[in-house]
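Written below as structure tokens is the structure these notes are about.
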Amino acid sequence: MHCRITKHVINMSQKVNIRIAGKNYPLVVQHEEEEVLRNAAKRIEEYVTTFEKKYNISEKQDVLAMSALQLASELENLLNEKTKEQQEILLRIKKISNLVTEK
């Protein structure tokens with residue numbers, strides 16, 4: 001384990017092996033990032049397996065590219081939803097502000 005102390009904050013990093021599409025990737029990550037990375041790798045593996053079976057794709061590069069595209073598409077949708085929600089909240093705040101300032 002590596003330990004880095006900055007401004008009285010202790011950041012613990014550790015070595016982990018993440019396996020994606022049959023290949024190990026040794027990484028050094030912060031302790032709190034490990035679960036997120038493992039879950040992400042698991043999700044990628046699920047897409048890889050799905051694309052291999054559903055579309056009979058045997059090339060790892062192709063299934064990884066399709067998995068990346070699928071995940072990026074999901075991320076775009078989430079970001080767009082977040083932006084819409086933020087716009088709706090700002091509109092509501094403006095309406096409330098207008099109501100308050102009118103009185």
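The values are calculated or read from the model by the stated rules, or taken from the named source; none is laboratory data. Everything numeric here is computed off the predicted structure, so don't read it as measured data. Cβ atoms come from the backbone with ideal geometry, glycine included; neighbour counts cover every protein chain shown.
Considering only residues in region 44-58 that are out of contact with any helix residue (DSSP H, G or I) (no Cβ under 7 Å at 6 or more places or on another chain) and part of a helix (DSSP H, G or I), the one that is nearest to Tyr25 (Cα to Cα) turns out to be Glu45. Inspection of region 12-35 finds a residue satisfying the criterion of being touching a Pro at 6+ places or on another chain (Cβ under 6 Å), among the polar types (S, T, N, Q), in a strand (DSSP E or B) and surrounded by fewer than 14 Cβ atoms within 10 Å (Cβ to Cβ). Here Ser58 clears all of (1) under 24 Å from Gly22 (Cα atoms); (2) at pLDDT 90 or above; (3) hydroxyl-bearing (Ser, Thr, Tyr) except the condition numbered (2).
When Ser97, Ser13 are screened for being in contact with a strand residue (DSSP E or B) (Cβ under 6 Å, 6 or more places away or on another chain) and modelled with pLDDT under 95, only Ser13 passes.
If we scan region 46-55, do we find a residue that is at pLDDT below 95, surrounded by 12 or more Cβ atoms within 10 Å (Cβ to Cβ) and among the charged types (D, E, K, R)? Within region 46-55, one or more residues are at pLDDT below 95, surrounded by 12 or more Cβ atoms within 10 Å (Cβ to Cβ) and among the charged types (D, E, K, R). Taken as a whole, the condition of being of a type in the set (Ser, Thr, Tyr) and in contact (Cβ under 8 Å) with a residue 24 or more places away in the chain does not apply to Tyr55. Evaluate the following for Val63: is it aliphatic (A, V, I, L, M), surrounded by 11 or more Cβ atoms within 10 Å (Cβ to Cβ) and assigned to a helix (DSSP H, G or I)? Here the answer is yes, as Val63 does meet what is asked. Within the option set Leu69, Leu79, being out of contact with any strand residue (DSSP E or B) (no Cβ under 7 Å at 6 or more places or on another chain), surrounded by 10 or more Cβ atoms within 10 Å (Cβ to Cβ) and modelled with pLDDT of 95 or more holds for one residue only, Leu69.
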